[in-house]
Amino acid sequence: MAAAGGGAAAPAETPAETPAAAATAAAAAVEAGAVLQREPLYNWQATKGSLRERFAFLFSNELLSDVHFVVGKGSPRGGGGGAPPGPGQQRIPAHRFVLAAGSAVFDAMFNGGMATTSAEIELPDVEPAAFLALLRFLYSDEVQIGPETVMTTLYTAKKYAVPALEAHCVDFLTKHLRADNAFMLLTQARLFDEPQLASLCLDTIDKSTMDAISAEGFTDIDIDTLCAVLERDTLSIRESRLFGAVVRWAEAECQRQQLPPTFGNKQKVLGRALSLIRFPLMTIEEFAAGPAQSGILSDREVVNLFLHFTVNPKPKVDYIDRPRCCLRGKECSINRFQQVESRWGYSGTSDRIRFTVNRRISIVGFGLYGSIHGPTDYQVNIQIIDYEKNQTLGQNDTGFSCDGTASTFRVMFKEPIEILPTVCYTACATLKGPDSHYGTKGLKKVIHESPTASKTCFVFYSSPGNNNGTSIEDGQIPEIIFYT
């Protein structure tokens, strides 16, 4: 029926919004990242088909919330509780029951003997994005982390004792671990006491040492992390290059401590890390071109190391001479003789024995017999030669001290030497010193068995030509030291 008079027509009525439709719209808004700021909705629960959906709907939602967190660093807020958050802060609603059900820390905070009754709690040490990731997980089991937030989320998960979220963070970091970020993640793993992640970082550094130390993150590590890496036997890098990287770290540390990068200050910031550099593993040329001219070593240390490279008996130096190599597992050795006798002489000719192996191994040294006349020092050159190609694969001019017993004495290569299956190699040792013990009743085939690896089978052959008398049956080079 038309309206009386000439007034304007009344606007048409719009259909009333049903409670279910309103709840659905509100849920969509929350899922889109909005925080609900309105009166409680009637029967919103009817739109949720599971417990998870109902709690997920309450995530970051004012609906039924009974506590607020002001998260992040920011300017001090005036006006006490309820004042707007400062720059860099975010005010996040939450529900005490949900938090207490998911975290022992929150449970103690709300229900313990010294429980807070405050409706607003400030968390200046937590990043808003990380705190929201924690809440999202507690409300819905949903994991939402990325490269920019994973470390702060890990910190937050540890702070509030949510180990399941910690595990997701560590898994994320593990999947994104590379040589160029291994040092950065290693520092964080040590800081957050995550031994599994730290171990994976160290394995990555072992396998790709040169790439890892060339990355920007290397110079940012702390001194304890640097020492933890330098202590490892499994780095795959020449010691001279490792020394160069350590000098770069020392220069960066001087800058962090606002010290001039003088020789003395570099030595000071390195502290015990300097003693972990294995200078004896360098060639004399590498040492002369690098460390000897770096100014970081004292004059006395430089002289002692030069003497260590050039004379026998060698002066004692306070540096490790154990080879570094990217090898796994336990050191192994085989001895090819069943009996030891006296006397074996030396006149400048090399003792040699040929061998093949049934699997890929890495040889790190020999065991040699020593003097029959009591404690003595020997000078020795050891080599591994590819027999068919007549190519020297590795050697070391060194020395060893013996005690006069019939034991074998370790003489090590500076780097591991890869040995391939079925290829024929010559083990060679040229000794200078008095008559020694020697082995007899030699075995043509020696098998090494270990509980964690398959059998390693060595087959020995006499070396043609001048070999100082060493053969399958008698002679020197009784022991080969290796990793599988």
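The values are calculated or read from the model by the stated rules, or taken from the named source; none is laboratory data. All values reported here derive from a predicted model rather than from experimental measurement. Heads up, the Cβs are rebuilt from the backbone with ideal geometry, glycines too, and the neighbour counts pull from every protein chain shown. With ligands, DNA and RNA removed, areas are computed over all heavy atoms of the protein, side chains included. Shrake-Rupley method; radii C 1.70, N 1.55, O 1.52, S 1.80 Å.
Jot down the per residue volume, in cubic angstrom and as a whole number, of the convex hull over the alpha-carbon atoms of the range 81-187.
About 114 Å³ per residue, rounded to a whole number.
Taking every pair of distinct Cα atoms and averaging 1/r, then inverting, what Kirkwood hydrodynamic radius in Å comes out for the range 218-363?
Computed over the range 218-363, the radius equals 18.2 Å.
Calculate how steeply helix 128-140 sits against the longest principal axis of the alpha-carbon atoms of the chain, using the helix alpha-carbon long axis, and give the answer as 0 to 90 degrees to the nearest 10.
On a 0 to 90 degree scale, this one is about 80.
Counting only pairs 8 or more places apart or on different chains, how many lysine pairs in the range 204-360 have C-alpha atoms closer than 29 Å?
8
Mind grabbing the base-10 log of I(q)/I(0) for the range 251-298 at q = 0.16, 0.19 Å⁻¹? Debye formula, identical points on the C-alpha positions, no solvent, two decimal places.
Computed log10 I(q)/I(0) values: -0.48, -0.65.
So what is the relative contact order for the range 223-365, in percent, with contacts set as C-alpha pairs under 8 Å and at least six apart?
Relative contact order of the range 223-365: 28 percent.
Please give me the summed charge of the neighbours of ALA179: other residues whose Cβ is under 14 Å from its Cβ, Lys and Arg +1, Asp and Glu -1.
Local charge sum for ALA179: -3.
Of the heavy-atom accessible surface of the chain (probe 1.4 angstrom), what whole percent is carbon and sulfur?
After summing per-atom areas, the C and S share lands at 52 percent.
When 1/r is averaged over all different Cα pairs and the result inverted, which Kirkwood radius in Å belongs to the range 365-484?
Across the range 365-484, the inverse of the average 1/r is 15.3 Å.
With a cut-off of 8 Å between alpha carbons and a minimum separation of six or more residues, what is the relative contact order of the range 354-484 in percent?
Taking the mean separation of contacting Cα pairs over the length of the range 354-484, I get 37 percent.
Where q = 0.11, 0.27 Å⁻¹, what log10 of I(q)/I(0) comes from the Debye formula for the range 298-366, counting one point per Cα?
Result of the Debye calculation: -0.55, -1.24.
If one takes the longest principal axis of the Cα atoms in the chain, at what angle in degrees, from 0 to 90 and to the nearest 10, does the Cα axis of helix 299-310 lie?
For 299-310 against the chain, the angle is about 50 degrees.
Give, as a single signed number, the net charge of other residues whose beta carbon lies under 12 Å from the beta carbon of VAL423, with Lys and Arg counted +1 and Asp and Glu -1.
+1
Could you pull out every residue, at least 5 positions away or on a different chain, whose amide H is within less than 5 Å of the one on THR408? Hs are placed 1.01 Å off N in the peptide plane, and Pro or chain starts have none.
Under 5 Å from the amide H of THR408 lies no amide H from a residue far enough along the sequence or on another chain.
Lysines near LYS445 by alpha-carbon distance under 20 Å, same-chain residues fewer than 8 away left out - which ones?
Partners within reach: LYS455.
Please work out how much accessible surface TYR319 shows to a 1.4 Å probe, ignoring ligands, DNA and RNA, in Å² rounded to 10.
30 Å²
Seen from all sides and averaged, what is the projected area of the convex hull of the Cα atoms in the chain, in nm²?
39.8 nm²
What does the net charge come to around GLU473 if you take all other residues with beta carbon closer than 12 Å to its beta carbon, with K and R at +1 and D and E at -1?
Local charge sum for GLU473: +1.
With all protein chains present, calculate the accessible area of GLU231 using a 1.4 Å probe and round the result to the nearest 10 Å².
GLU231 exposes around 90 Å² with every protein chain in place.
Compute the relative contact order of the chain as a whole-number percentage, counting only Cα pairs closer than 8 Å that sit 6 or more residues apart in sequence.
Once normalised by length, the contact order is 11 percent.
If you fit an axis through the alpha-carbon atoms of helix 163-175 and take the longest principal axis of the Cα set of the chain, what angle between them do you get, 0 to 90°, nearest 10?
Rounded to the nearest ten degrees, it is 50.
Under a straight-distance cross-link criterion of Cα-Cα below 25 Å, which lysines are reachable from LYS73, leaving out those fewer than 8 residues away in the same chain?
Within reach: LYS158, LYS159.
Quick one: what are the phi-derived ³J(HN,Hα) couplings along the range 470-478, Karplus 6.51/-1.76/1.60 with θ = phi - 60°, whole Hz, x for glycine and proline?
With coefficients 6.51, -1.76 and 1.60, one gets 5, 9, 4, 7, 9, x, 9, 6, x Hz.
So how do 62-72, 113-123 stack up, highest first, on mean other-Cβ count within 10 Å?
In descending order of packing, they fall as 62-72, 113-123.
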